[in-house]
1. In segment 1-48, carbon and sulfur make up what percent of the accessible area (probe 1.4 Å)?
2. As a test of reading the structure, rank Val9, Val33 by solvent-accessible area (1.4 Å probe, protein chains only), most first.
3. Going from most exposed to least, what order do Ile17, Ile5 have by accessible area with a 1.4 Å probe?
Amino acid sequence: MSPEIPDAVAAIIAGAILERPAVDPEAQARHAVAALLEGGWSITAPEHTLTPQRPA
């Protein structure tokens, strides 16, 4: 999976931040997530393990 953010997602995040430049970063992040969800994007967390898996 590529760590790059698609241009459409980056535009939504940037727009959400620009709409509320004076609020704290957590509020900006929540606003950006809400904007992404409203735009039809889905957000999922990757699966994590407590210890890194080593190739066999």
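The values are calculated or read from the model by the stated rules, or taken from the named source; none is laboratory data. The structure presented is a predicted model; accordingly, all values stated were derived computationally and were not measured. Ligands, DNA and RNA are stripped out before the accessible areas are found, and what is left, the full protein with its side chains, is counted by its heavy atoms. Shrake-Rupley method; radii C 1.70, N 1.55, O 1.52, S 1.80 Å.
1. With neighbouring chains kept in place, the figure for segment 1-48 is 61 percent.
2. Reading off the accessible areas and sorting them downward yields Val33, Val9.
3. Ranked from most to least accessible, the order is Ile5, Ile17.
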